[in-house]
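Working notes for the structure below.
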Amino acid sequence: MSHNNTDSYDPDWQDKYRDAVVSAGEAVKSIRPGQRVFIGTGCAQPQMLTDALVARGADLADTEIVHLLTLGSAPYAEEELSTHFSVNSFFIAENVRDIIQRGLGDYTPIFLSDIPQLFKSGQLPLDVALVQVTPPDTRGMCSLGISVDIVKSAVENASLVIAQVNPRMPRTHGDSSINVLDIDFLVPADTELVEVQPPGTDDVTRQIGQYVASLVDDGSTIELGIGRVPQSVLQFLGEKRDLGIHTEMLTDSVVDLVESGVITGARKSIDRDKVVASFCLGTRKLYDFIDGNPVFAFHPTEYVNDPFIIAQQSKMVAINVALEVDLTGQVCADSLGTHFYSGIGGQVDFNRGAARAPGGKAIIAFPSTARGGTISRIVSRLSPGAGVVTTRGDVHYVVTEYGIAYLHGKNVQERALALVNIAHPEFRSTLFREAIEHKYIREELASVEERICSGTHEFHTTYLIDDGTLVDFRPVQMTDEPGMKDLLYALSRDTLYYRFMSRMKWVPRKQIQDFVFIDYRSEVSIVATVPEAHGEQIIALGGYYLDIQTNRAEVAFIVKDTWQNKGIGTFLLQYLTSIARRHGIAGFTAEVLQDNKPMQAVFNNGDFRIQTKLHEGVLSYIMDFT
């Protein structure tokens with residue numbers, strides 16, 4: 001149902017502006033050979049005008065077609081017309097990909113926020129703009145509807161503007177209107193808009209969406225890039241509160257979240273209560289929902305994609321995709337090797353804006369493999385010719401179906417380990433070896449190659465302590481070495497003595513690595529963490545090592561002094577017990593100093609049949625599961 005109750009179009013517009021009303025064929029007769037022609041973007045591509053332009057192809061030698069992302073057909077992008085029409089695209093859609101990859105068209109890599117200035121400055125002057133608008137209202141204003149982005153700038157800077165005037169185009173609020181007097185030719189066209197069905201999801205994209213959604217706090221404002229992965233996040237936001245939207249693109253998926261009250265914009269720092277976007281890729285369901293709907297505000301790219309505007313939004317979360325990421329964090333998003341595939345788009349605009357926003361998060365998310373699982377998207381080095389869109393200095397969060405890696409401020413070894421950890425298991429060993437060859441990872445770690453797989457998802461749980469703090473328990477990861485080091489060096493001398501049974505002045509690196517690199521077959525190691533500003537803090541460690549001959553596992557754990565006496569040790573033992581039971585282990589063994597009464601209490605209160613033996617001040621525990 002349309003929300004447009006007051007700003008309906010003027011029913012007499014064709015009579016009122018009859019001097020400008022012409023057919024598509026008549027309109028394009030004003031285009032001359034050698035001119036640069038802009039074609040409107042996305043689902044608002046003016047197909048009737050495009051077809052009329054191509055019909056004149058024989059008369060239009062050396063005509064340059066400039067566009068962003070177009071979703072209609074592109075009959076000008078054919079080899080036999082390449083001497084008449086040359087394609088120059090800021091973002092490569094499927095309809096022009098072949099002609100560009102064959103070297104018969106051009107791609108201009110550029111930040112989306114910079115394109116309007118190309119037009120305005122005259123660096124890329126436009127002779128003609130072919131666009132699609134609503135009929136003018138009684139004030140003579142036409143809405144650009146579902147595609148405002150760079151279209152408004154093109155209209156403002158082109159010498160000749162030809163508009164396909166379509167009553168089926170939604171009228172959108174925001175900075176989305178142009179005056180009918182700024183249009184040279186009006187071409188009536190009552191035709192269906194291009195529609196794009198919501199992208200499908202699978203188990204991989206759903207898992208990625210779930211991980212990304214876990215990074216979205218209540219009150220966050222979200223940008224969702226193009227593709228299945230960013231859109232898959234929306235289905236996991238149903239329990240969030242007061243989310244906002246500031247994004248280039250809207251799809252049908254946003255409708256349900258607005259109607260259910262998840263998306264309110266109530267906590268946005270700017271454009272409060274508004275869903276801000278610059279274009280739609282959707283169906284008639286979405287078009288009808290935004291038509292005249294004051295909740296939605298469509299603005300040009302120079303506003304929506306301005307990193308300084310984005311950075312003003314508290315808790316801004318930018319979610320974009322990659323084709324390939326190397327182990328240092330370089331993100332390739334616009335090419336497959338030397339073959340240009342898509343474009344820079346708004347990834348850098350939003351990544352940088354979100355990174356600078358208060359509480360902001362910049363996320364790159366993608367499946368870990370491509371080509372049916374035969375190649376890894378995480379690589380030790382980018383493919384020859386691959387373009388870096390987001391630099392290693394700009395990258396923050398990287399997410400695959402195997403987890404989340406936080407890279408910003410991390411050294412190269414930490415980055416490489418984090419990315420190997422979220423790569424597909426089939427490729428982790430190869431990536432690990434290549435990282436050592438490239439000197440990204442210290443050679444001494446070669447000995448732990450066989451122990452680099454992460455624990456399974458079943459080893460995740462949480463525990464709410466009495467003061468309201470939620471503690472997360474998860475498998476130890478290879479990236480935990482710095483956090484483990486911080487934990488061990490924060491322990492008091494007594495705690496260290498009780499755990500290691502010696503007066504240690506320092507903890508050997510080998511000891512730390514033994515805690516971190518485990519194989520999860522005969523060993524299990526669980527860390528307890530709490531959130532901190534940029535990641536998490538490890539506050540406890542527990543694990544066991546199986547003795548195959550007795551089918552009992554030696555168990556031990558450490559809790560940071562400031563977190564002791566809060567039930568964390570007891571919970572950790574209970575959780576390790578449940579994991580061991582599931583794996584058919586008969587019980588635990590442990591060695592405890594005679595004067596370590598707190599640890600003895602934890603074991604004695606467990607659900608075990610206990611035998612103890614004292615020898616030279618050390619209690620040996622045998623704890624069979626009951």
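Quick note: the coordinates plus some simple rules give every number you see, no bench work behind them. Predicted, not measured: the structure shown is a model, and the values here were computed from it. Every residue, glycine as well, gets a Cβ built from its backbone with ideal geometry; the counts of neighbours run over all protein chains shown.
Rounded to whole Hz and in sequence order, give me ³J(HN,Hα) for the range 31-48 from the Karplus expression 6.51 cos²θ - 1.76 cosθ + 1.60, θ = phi - 60°, writing x for Gly and Pro.
7, 10, x, x, 8, 9, 10, 8, 10, x, 9, x, 6, 9, 3, x, 4, 4
Using θ = phi - 60° and the Karplus curve 6.51 cos²θ - 1.76 cosθ + 1.60, what whole-Hz ³J(HN,Hα) does each residue of the range 50-65 get, with Gly and Pro shown as x?
4, 5, 5, 4, 5, 4, 9, x, 4, 9, 10, 5, 6, 8, 9, 9
Can you give me the distance in nm between label points at LEU336 and TYR545, each placed 7 Å from the Cα along the Cα-to-Cβ direction?
Placing both labels 7 Å beyond Cα along the Cβ direction yields 4.7 nm.
How far apart, in nm, are the 7 Å Cα→Cβ label points at ARG284 and GLU437?
5.7 nm
Under 15 Å from a label point 7 Å along Cα→Cβ of SER8: give me every residue in the range 285-319 with its amide N that close.
Answer for the range 285-319: 292.
Might you report the magnitude of the Cβ-based charge dipole of the range 127-276 about its Cα centre, with Lys and Arg at +1 and Asp and Glu at -1, to the nearest 20 debye?
For this selection, approximately 280 debye.
With +1 assigned to the C-beta of every Lys and Arg and -1 to the C-beta of every Asp and Glu, and no other charges, what is the dipole magnitude of the range 203-451 about the Cα centre in debye, to the nearest 20?
That gives the range 203-451 a dipole magnitude of about 300 debye.
Going by alpha carbons, how many degrees (0 to 90, nearest 10) lie between the helix axis of 568-582 and the longest principal axis of the chain?
Between helix and principal axis, roughly 90 degrees.
Assuming 0.36 nm per residue, please report the length gained on full extension of the stretch GLU426 to PHE625 beyond their Cα-Cα distance.
68.1 nm
Using alpha carbons only, how many angstrom separate the centre of the range 90-135 from the centre of the range 334-406?
Taking the Cα centre of each part, the range 90-135 and the range 334-406 sit 23 Å apart.
Sequence-distant or interchain residues sharing an amide H contact under 5 Å with VAL275, placed H: which?
PHE296, ALA297
Where in the range 582-626 does the label zone of GLN564 land, with the point 7 angstrom along Cα→C-beta and an amide N cut-off under 16 Å?
592-603
May I ask for the net charge around ILE65, where only other residues with Cβ less than 14 Å from the Cβ of ILE65 are counted and Lys, Arg are +1 while Asp, Glu are -1?
-4
For the chain, what's the relative contact order in percent, using C-alpha pairs closer than 8 Å and at least 6 residues apart?
Computed over the chain, the figure is 9 percent.
What GluC sites (Glu not before Pro) in the range 201-254 are in a loop by DSSP, with at most 13 other Cβ atoms within 10 Å of the Cβ?
GLU239
Grab the DSSP H runs of the chain that are 4 residues or longer, score each as -39,500 (n - 2.57), total them, divide by all residues and round the 222 nm result to the nearest 500 deg cm²/dmol.
-7000 deg cm²/dmol
List, in order, the whole-Hz ³J(HN,Hα) value for each residue of the range 320-331 obtained from phi through the Karplus relation with A = 6.51, B = -1.76, C = 1.60 and θ = phi - 60°; use x for Gly and Pro.
In residue order, the calculated couplings are 9, 10, 9, 8, 7, 9, 8, 5, 8, x, 6, 10 Hz.
Give, rounded to the nearest 20 debye, the magnitude of the charge dipole that the chain has about its Cα centre when Lys and Arg contribute +1 at Cβ and Asp and Glu contribute -1 at Cβ.
It works out to roughly 1980 debye.
Taking H placed 1.01 Å from N in the peptide plane, check which residues at least 5 places from THR191 or on another chain put their amide H under 5 Å from its amide H.
ARG168
Using Cβ contacts closer than 10 Å as the measure, can you line up ILE162, ILE610 from fewest to most?
ILE610, ILE162
For the chain, take the longest principal axis of its alpha carbons; what is the angle in degrees between that and the long axis of helix 481-490, to the nearest 10 within 0 to 90?
The two axes meet at around 50 degrees.
Mind checking the angle between helix 347-356 and the chain's longest principal axis? C-alpha axes, 0 to 90 degrees, to the nearest 10.
Tilt of helix 347-356: around 50 degrees.
Quick check: Cα centre of the range 591-612 to Cα centre of the range 175-249, how many Å?
Each part reduced to its Cα centre gives a spacing of 56 Å.
Would you mind calculating the gained length between ARG18 and LEU593 on full extension (0.36 nm times residue separation, minus the Cα-Cα distance), in nm to one decimal?
197.4 nm is the gain from fully extending ARG18 to LEU593.
Check which residues have an amide H placed less than 5 Å from GLN537's amide H, if you skip close sequence neighbours.
Placed amide hydrogens put VAL530, GLU532 under 5 Å from GLN537.
Separation between the ASP98 and LEU181 pseudo-spin-labels, each 7 Å from Cα along Cα→Cβ, expressed in nm?
For ASP98 paired with LEU181, the spin-label model returns 4.7 nm.
Between ARG381 and SER522, what length in nm is gained on full extension when 0.36 nm per residue of separation is reduced by their alpha carbon distance?
Fully extending the segment from ARG381 to SER522 adds 47.4 nm.
Over 25 Å apart: what share of the alpha carbon pairs of the range 283-394 falls there, rounded to a whole percent?
Of the Cα pairs, 36 percent sit more than 25 Å apart.
What FRET efficiency do you get for VAL530 and ARG32 if R0 is 45 Å and r is their Cβ-Cβ distance, rounded to the nearest 0.05?
Approximately 0.10, to the nearest 0.05.
In the range 554-569, whose amide N lies under 11 Å from the spot 7 Å out along Cα-to-Cβ of ASP466? List them in ranges.
Within reach of a label on ASP466: 565-567.
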